[in-house]
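The values are calculated or read from the model by the stated rules, or taken from the named source; none is laboratory data. If you're wondering where the values come from, they're calculated on a predicted model, not measured in any experiment. Neighbour counts are summed over all protein chains in view; Cβ atoms, including those assigned to glycine, are modelled from backbone coordinates with ideal geometry. Only protein heavy atoms, including side chains, enter the accessible area calculation; ligands, DNA and RNA are left aside. Shrake-Rupley method; radii C 1.70, N 1.55, O 1.52, S 1.80 Å.
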Amino acid sequence: MVNKFKTLYRHIIEEERKIPEATGQLSDLLSDIALACKVISLEVNRAGLIDILGFTGQTNIQGEEVKKLDKYANEILTHVMKTSGHTCAVCSEEEEFFIPVEPLYEAKVLENKYICHFDPLDGSSNIDANIAIGTIFSIYKRKSLKGPGTLEDCIQPGINQVAAGYVVYGSSTVLVYTAGKGVHGFTLDPSAGEFLLSYENMQIPRKSKTYSVNEGNYNKWSKGMQKFIDYLKEKDDTTGRPYTSRYVGSLVADFHRNLLYGGIFMYPADAKNPKGKLRLLYEANPLSFIIEQAGGKASDGKNRILDIVPDTLHQRTPLFIGSYDDVSLAEKFLSEYD
Ligand code: P6P
């Protein structure tokens, strides 16, 4: 019997060997990120046992109360990425400005050739309720030639990503990533301390029967958005309606479920959030790279997310992401009624 025991590191190396010009630096960086997420997973799973819950009394760039686990995850990921030797800049959703990184190996040009964006602990408002939360990361190649990275290096359209992934800290800890050659998932075996391959070449069903949205915002939505949700709730057997509503309030948890079983997640613009709530660089771009690699679709309701040219690090975007036909139908309603 062939042993299916394949670690994340083994999988990354095997993928790297398929690329002649690969130098192993991206593989090394991905492995460093996985290590950081293993450490975060330990703390997330222990949060109920040690006094790491509750607020730090500080607020982040988004004006949100920062919980201690948020701060811890941010510090771990920032440290690992800064010391990896492969980054020239690191951008955290929790930090107002990007963090330029000096080259660690003076002798080699382009040694520190990557930019890393991350949301260290998305859905953190759910931490105390023991609801699944997640880390999201996104990797680009620098545009500048050498030295510490620049703001221009950090503000690139999502289509330029070389890798992206997330970790969902739930009933188990699962890491899902793409480096442009399909989407692959790994489940953490806490006893071995290894992420083991559990989902290879993930593909999202083209059409689903599940929608994820905060319907408490219904009265703030555009007419097209209201009509789309009303449509999904009508009974019509030929189109598999009514759809089921599933909304955790933790993006990574909702996204992961939809990736596995099909579904559309929506955070549209509304009267309170005219640009939507979610961040383009830290949330929408990495998840959009993943969903397209898995055969799905991601837009702001009109434009492909990965084509959006960012203006600022923390800019927000409306997000429609998931099963291809469902996202296309949402776009149709918005174009017809808005
Ligand atoms: P709302 C969590 O704060 C988050 O950023 C995402 O993880 C989640 O999908 C969304 O916001 C929930 O927002 O307005 O529905 O509470």
- The distance between the Cα centres of segment 78-149 and segment 9-25, in whole Å, is 21
- Gaussian network model of the chain, springs between alpha carbon atoms under 10 Å - residue of ASP270, ASP230, ASP28 with greatest fluctuation: ASP230
- Task: Return the Cα extents of segment 2-199 along principal axes one, two and three, sorted largest first, each rounded to a whole Å.
- Result: 48, 46, 28
- Label zone at TYR231, where the point sits 7 Å out along the Cα-to-Cβ direction: segment 192-214 residues whose backbone N lies under 14 Å: 208
- Task: Quick one: angle between helix 223-233 and the longest Cα principal axis of the chain, in degrees between 0 and 90, rounded to 10, please.
- Result: 80
- Per the Kirkwood definition applied to all pairs of different Cα atoms, how many angstroms is the hydrodynamic radius of segment 127-249? 18.4
- Task: Assuming R0 = 41 Å, can you tell me the calculated FRET efficiency for the pair THR238 and ASN201, based on Cβ-Cβ distance, to the nearest 0.05?
- Result: 0.85
- Task: Give me the accessible area per residue for the chain, probe 1.4 Å, as a whole number in Å².
- Result: 45
- Which one of PRO274, GLY216, PRO205 has its Cα pushed farthest toward the positive end of the charge dipole of the chain, where Lys and Arg give +1 and Asp and Glu give -1 at the Cβ? PRO205
- What length, rounded to one decimal in nm, is gained on full extension from THR150 through to THR83, with 0.36 nm per residue of separation minus their alpha-carbon distance? 22.4 nm
- Item | segment 210-337 - percent of accessible surface contributed by carbon and sulfur, probe 1.4 Å | 48
- Efficiency of FRET between ASP128 and LYS275 - r from beta-carbon atoms, R0 22 angstrom, step 0.05: 0.15
- Item | Heavy-atom accessible area ranking, 1.4 Å probe, most first, across LEU281, LEU196 | LEU196, LEU281
- the chain: spread of alpha-carbon positions along the three principal axes, whole Å, largest first, is 63, 52, 46
- Calculate, for SER191 and GLU102, the FRET efficiency according to 1/(1 + (r/R0)^6) with r their C-beta to C-beta distance and R0 22 Å; round to the nearest 0.05. 0.05
